[in-house]
Each structure stands twice: as structure tokens, then as C-alpha cells.
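Everything below concerns the one structure shown next.
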Amino acid sequence: MALSWCLGAALALVCGSLWPQVHSGVAPENEVPLRPTTWLPEGKITSVTLPKGRTRRLYFTLKKKAPGMSVTVSPCDLPIEWTLAARTLKDKPLKNMQWSTKKSMPEVWWRGPGTEEKIHSNTGNAVESYSGPSYPSASIYILRLRSKQQNTRATVYLHEGLGPSGIFPLLPADPQVHTLGVGMTSVTLSWAPSASITSLPHTQTSYEYCVLVNSQENYPSLCAAQKSMRNEKDQKQEKKDRRSRVTVWPILKEWWWQQWDTYPESPQSPPASLTDEYEDLQCVCQGTESVCTVSELLPETQYYFDVFVVDRLNGTSMAYKGTLARTHEEARPAITALREGELRWVTFQDRGFSSEQFFSFRPRGWQQSGLLTLQSCGEGEKVKVTVSSKGQVLTSQAVGRELVHIWLQGSTSYLIHLEREGTAMDHTSAVTDPSLPEGLTASVKMQTSSAYHRRGVPSLPSTLQIKSFNRLRGCNSVTLAWMGTEERSLYCVYRRKLGSREAEAGGASALTAPCLGPESRSDTERVLCKYFQELNPRRAVTTAVIGGLEPGMAYVFDVYLMRRWGIPIKYTSKMVKTRKEC
């Protein structure tokens, strides 16, 4: 053991004395470690990863009788710089030469003396090919690729010969995607067909188009589209994982092992090819047709459209020059602004079909409160009102013959949507309301007003019936009574003398239409107006003696509750006949 230790020490001293001579004689002082060398095979698609700011080199040689070559570089999503050069060595390196570090043959040629000629260079994110004759004096060809922006990847394909490689689909002379028509939810596209598809027999289906649509950008390649879709999917999964992340500790041991067992180890699968990833693409149009209609789009939205011709057999693709289009805006209905205290008749022309109208109202005052009053005047009509603010529905209810009060509070603006639903009645059986103008079959009476000092809907009478006293009925006067409210309000009485035929009929035709308000009555028909208030609702009864009547004549009396806010409330018409003899 002592003898062997002495021999090892002596050998180390001898080698140590020889090392400086070899280093100084062969290797320069600025010698760099061996960089990884990648040979570029012929006739095979090679994927290259490009770290940011670093230059990747691919080396290849051609056969002696090769007349030419073609090199195709396909960036994925980012612009890259690449150059192709031919290097010619003056002297071949000695095989028995000793080196300071282990080096491969391309590395020896790189360090050896010689000349280098630049053949081609390109910068961009589009697929670029160089085709040209070979260099007989070239010892080796060097392809340099570099990405300045971010980490990315690219594919390279080398073909020996002067003819086309046939590995990539062909694009037409005009690769632009054209827009034939744009609608509110659809866009129609067209493009010149690819010769790869038109020259194929009908039995072969290796080539086809894939149309993609997104709202962000046009994709320069199918690889960029796949990467964008994966990033979007990863972001959604990351958000989902954040929401479902459990932070409670400790976790039960048995539960932990159950969760662990549900994720068994699976064998590592080889990287997916373009053919495998093509199955996951959401092509809105797929096939051999050069026209596509993309539907189910959102109105008034800008979309980007890309068309790719894909060779599923070789796993390659070429991108047309994409286009963009903005869908038309949705047909917005006309919105009518309502004025303060305005009484409006909302009329519908046709009874057989559904129709709608929109209104807006802005309450005055800092309290931002108001009152919406509605009443349907159509015979047998179904009308619905929907009030919304800032896209949120506040209330939705039916509107009938009875007054509907909707209290508005808390918003600066309101959208009022009136919708009339179609009925089974035909036009021949429809009864036209006498209160409506000629030619109209349905109407809604509506009023909006700001309520400065109110806190809710005003009180209504317990009943809208008018009572007449037979004992107090005379030849020239009648006595009427009706229910009031606890609020101080104005009540106005109107009268209308009936003819002999109307008096004999005594039916509904003789009564005043419910929607006819005091604004549609003549001043000569108004008998009196009086204020009334009773805090006890059960005792809120007021009376009025109507004089100046003719003996033996029939009259129709109407009472209106005049309010500061909302539509005047009309009581049920009352027909009374004076005595002939007194």
C-alpha cells in the first residue's frame, strides 16, 4: 500500500508539470467551455428552444452531389432573428490534436482558421424559407437563431435539393382573408383556396382549413394560437385553484392519504405533436371549403379571424394573413324622456302582436325619489311594466284597470319598459275603448313626478263607489257621497246630461270611460271642487249637493281625486235621475 501511494504521488507531480505546456501550446488563454452542439438533420422538423438574449446554433453539412438546399424557419409567437452562413476552413484539424477541454467536431471547426460567408438573414415572426444552390467550398453550414424579447421556440426544416420540400402546405398568391359580410352576431369570411387542397383527389383528406376567432389579436402561426389557448386555460385553472385552496391546518392524516391515492402516478408521455394538439383547437370552421360564416358573436364587438391550412399527415401548417371585423351594434329601441308631472298616453297600434315601448325618468331634488302611476285603458289587454336602473331590475308587475303605484327611490335615472302581450282576440271581436282616439285598440295612462317630501305611495280611498241618497233626491238637485283619505286632497265633481236613448239603455255605454280624466272633460261639465281631509279612514266620508238640474232628466256624475303626485283617481261613474214632480 505504501508503494502504490508513492507511485500515485509521483504520477501526479509529472502530470502537473506537463499541464502548463499543453495549455500554452494548444489552447488560448480565453478558451470557453464546450457549448452544446446541435446537428440539423435533413428531412425532419426540428424544434428549437430560444432563451431570451442567447444565440442558438445549428450545424449541418450537405452531400457532395447536392445541387441546392432550402432552410425553413417557423417562429412560434415572437419575432426572432436568424442567419444562415457557410464556413470554409483553410486546413482540416488534426485528429491527434490535444485540447484543454473535450470538444466536438463543429466546435473544432468553429475555432479553426477559415472564412465565413453570410448567405441569408431574416427578422420577424412569419414563416421564412431560403432556397438556393449549395456552396462546394463550404466545410459546414451554421444557422444562428436569437430571440430578443422573451423565451420562445421555433421549428427548423432542412431540405436537400432544388425543388420544393412538399412538407409545408402551399399558400395562394393572395393569402389575405377577406370579409364578405358583417352582421350583428355573425361574420362571413372568404379566402383564395390553397393549391395543396385543390390539387388533392377527393379520397385524400390530409389537408384542411382551420378558422380561429378571438377578441385579442391575429396569430402569426398555429403554434401561437395554441400557446395563447394554453395560457388562457392555465390562467382559468390558476384562478380556480386559488378559490379552492385550503388554508386550514391541520389536515386529517387519513384524508390526506385518500387524496394522495386518488392521483396515481402515470407514465411520462412523449411530447404531443401538432397533429395531437390540433384535436384541441376550437376551429369555428373546419374542412376544405374556402368560405366560412362565424356565428354566435356578441354585438358591437371587435373580433380577429385567422385561417390556417393544415397538413395533418406531416404535422405542419401555414397561416393566411388574418383580418379583423367589428360586429354591428344591437338595435336599440327609442327611449322617450318623461317630463316632470307629465301625463302621457302610451298607445299600441296593433292588438294581434306583442309590442313594447321604453321611457326614462330623472327625479328632481337631492332625495332622488319619485312616483310612477299607471293605468291600463285597453279592453282585455295584458300590459306589464318593468322598472330598472343601471341594468338592474327593480320591479316588474302587471298593469290593469286599477291604478298601479310604483315608488322610485335611490337612483338618479330610471328606465321604464312597457310591454303589451298579444292576446287571442282577433280584430273583429275587439271592443274599442271609447276613451281612446280613433284607430287605437290599446293604451296605458302613465304619469311620473318627483316626490320631494314624501316617503312612500300616497293613500287611496277604501272604495271608489259613489252613493246617492234617494230621500234627498229632488227635482233640481241630488246629494252624492264618497270616501276620501286622511290626506288633504282636492275632489272635483263633473256632470253630464244623458239623452233619452242613453237614459233608457242605462248600461255601460252611458257611463264615463274609466281612463277619461278631468283633462279630457269640458269646463262646463265641472260642478264643484272641494278640499277634504279626515284622519280616521273609517269616517272619511264627504258629501256634496249638486243643484241646477232639470226635472225628470238623467245625469252621470263623476268624482276625481286630484293629487299633486300621480294620475287623478276617477271614482266609478254614478247615474242619477231627478224627480219629475216635487
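What follows draws every value from the coordinates through simple rules; no lab data is involved. Owing to the predicted nature of the structure, the values given are computational and were not obtained by experimental measurement.
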**Of 382/577; 64/321; 239/390; 65/227; 44/236; 52/321, those spanning more than 30 Å from alpha-carbon to alpha-carbon** = 382/577; 64/321; 65/227; 44/236
**Prompt:** For segment 383-390, in order, what is each residue's ³J(HN,Hα) by Karplus, 6.51 cos²θ - 1.76 cosθ + 1.60 with θ = phi - 60°, in whole Hz (x at glycine and Pro)?
**Reply:** 10, 10, 10, 10, 10, 9, 8, 6
**Interchain or long-range residues, amide H under 5 Å from residue 120's placed H** = 84
**Request:** Return the sequence-ordered ³J(HN,Hα) values of segment 71-78 in whole Hz as given by the Karplus equation 6.51 cos²θ - 1.76 cosθ + 1.60 applied to θ = phi - 60°, using x for Gly and Pro.
**Result:** 10, 10, 10, 10, x, 7, 9, 10
**Prompt:** Applying the Karplus parametrisation 6.51 cos²θ - 1.76 cosθ + 1.60 with θ = phi - 60° to the phi angles of segment 184-196, what ³J(HN,Hα) value in whole Hz is obtained for each residue in order, glycine and proline being reported as x?
**Reply:** 7, 10, 8, 9, 9, 10, 8, 7, 5, x, 7, 5, 5
**Request:** Report the full-extension gain for the segment residue 335 to residue 470: residue separation times 0.36 nm, less the Cα-Cα distance, to one decimal in nm.
**Result:** 43.4 nm
